[in-house]
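The values are calculated or read from the model by the stated rules, or taken from the named source; none is laboratory data. The structure displayed is predicted, hence computed values, not measured ones. No Cβ is skipped: glycine too gets one built from the backbone with ideal geometry, and neighbour counts run over all protein chains shown.
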Amino acid sequence: MALELIEDIHAGVEGTCPRTVSCADVTVLATRDALLQAGGPYIDFPLGRRDGLTPASPDLVLALPAPSFDVPTLISSFGNRSLGVADLVALSGAHAFGVAHCPSFSDRFTPIIDANPAIGPKFAKMLQAKCAKDVPEGTVTQALDGLTPKVFDNLYYTDLITRRGLLKSDQGLIDHSDTKGMAAQFALNQLVFFNQFANSMVKMSNMDVLTGSQGEIRLNCAVPNARAEGIQTAGNEGHASNM
């Protein structure tokens, strides 16, 4: 759905300003506006990005932080991308939105729920009962922020304080000495959270950015131009075009 929306927006822009606005810029602008509409901060993203000539490498995708990561592993993972502890804690606040499937958080409840101090017993029992219905379909979801799942605010951090963090990587932020102070501060002061989140988002958006004559302006956000033109040619010639 989100990718289709980006493609639709880009197609509209392309009709007015051909080969001018990249899919990368459309993506950050759509993120900015959606976040603002949901109650979040305005983020002044720099523009002028170009699109890549190749898809993201498998190694880069595999390097994304997993929901089962503990805080030291998260700090290391973010550090490998030149992001600090403040960036880690603030960007985790993006979990004010979204849902997770049971396999992503099944490690948060154990057969002996009351013996797990990292999660509230009532919350754990609710998750356990909900996920018991999830076999074998794997379709049951739970909001990452159970308090205000459709609003971008700082109540995600309140969830952590009350032991209602859905993912291990979430709950650890309030338990580890390197992150708990900032997580608690964000829970108390939404403006401080918003300011750091905006700064960290801009920082993250500038990673490996292409500008000037680098990369290209894609005609189809899903594929590089060379491949898109090959698909179109194959289709015109009556060949299979599912390259």
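Please list, ordered by first then second residue, the pairs with beta carbon atoms under 7 Å, 6 or more apart or interchain, first in segment 170-186 and closer than 12 Å to residue 158 by Cα and modelled with pLDDT of 95 or more, second among the aromatic types (Phe, Trp, Tyr) and crowded, with 23+ Cβ neighbours inside 10 Å.
Listed by first residue and then by second, the contacts come to 183/157; 186/157; 186/193.
Could you please give the count of residues in segment 187-227 that are assigned to a helix (DSSP H, G or I) and under 16 Å from residue 83 (Cβ atoms)?
Restricting attention to segment 187-227, the residues satisfying the condition of being assigned to a helix (DSSP H, G or I) are 187-188, 190-205, 225-227.
Now restrict to residues that are under 16 Å from residue 83 (Cβ atoms): 196-205.
Total meeting the criteria: 10.
Taking segment 49-70 on its own, how many of its residues are surrounded by 15 or more Cβ atoms within 10 Å (Cβ to Cβ) and touching a Gly at 6+ places or on another chain (Cβ under 7 Å)?
3
In the set 181, 172, which member is out of contact with any helix residue (DSSP H, G or I) (no Cβ under 8 Å at 6 or more places or on another chain), closer than 20 Å to residue 70 by Cα and assigned to a helix (DSSP H, G or I)?
Numbers: 172 fails: out of contact with any helix residue (DSSP H, G or I) (no Cβ under 8 Å at 6 or more places or on another chain).
Just one listed residue meets the conditions, 181.
To keep it simple, each residue is scored yes or no on (1) surrounded by fewer than 19 Cβ atoms within 10 Å (Cβ to Cβ); (2) touching a helix residue (DSSP H, G or I) at 6+ places or on another chain (Cβ under 6 Å).
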position: 12; (1), (2): yes, no
position: 18; (1), (2): yes, no
position: 25; (1), (2): no, no
position: 34; (1), (2): yes, no
position: 44; (1), (2): yes, no
position: 47; (1), (2): yes, yes
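In this structure, is residue 210 modelled with pLDDT of 95 or more, under 27 Å from residue 37 (Cβ atoms) and either in the same structural domain as residue 79 (by the TED database) or more than 16 Å from the chain's Cα centre (by Cα) (or both)? It would help to see each step written out before you state the result.
Values: modelled with pLDDT of 95 or more: yes; under 27 Å from residue 37 (Cβ atoms): no; either in the same structural domain as residue 79 (by the TED database) or more than 16 Å from the chain's Cα centre (by Cα) (or both): yes.
No; evaluated as a whole, the condition is false for this residue.
Just to check your reading of the model, which residue among 124, 143, 38, 90 is more than 20 Å from the chain's Cα centre (by Cα), aliphatic (A, V, I, L, M) and on the phi < 0 side of the Ramachandran plot?
Working: 143 fails: more than 20 Å from the chain's Cα centre (by Cα); 38 fails: more than 20 Å from the chain's Cα centre (by Cα); 90 fails: more than 20 Å from the chain's Cα centre (by Cα).
Answer to the selection: 124.
What residue, among those in segment 86-109 that are surrounded by 14 or more Cβ atoms within 10 Å (Cβ to Cβ) and in a loop (DSSP other than H, G, I, E, B), is modelled with the highest pLDDT?
Selected residue: 97.
Give the residues of segment 25-53 that are of a type in the set (S, T, N, Q) and more than 15 Å from residue 207 (Cβ to Cβ), sorted by residue number. First the steps, then the outcome.
Within segment 25-53, the subset of a type in the set (S, T, N, Q) is 27, 31, 37.
Across segment 25-53, the qualifying residue is only 37.
Out of 83, 74, 36, which single residue is assigned by the TED database to the domain that holds residue 179 and either free of Cβ contacts under 8 Å to residues at least 60 places away in the same chain or outside any helix (DSSP H, G or I) (or both)?
Values: 74 fails: either free of Cβ contacts under 8 Å to residues at least 60 places away in the same chain or outside any helix (DSSP H, G or I) (or both); 36 fails: assigned by the TED database to the domain that holds residue 179.
Residue meeting the stated conditions: 83.
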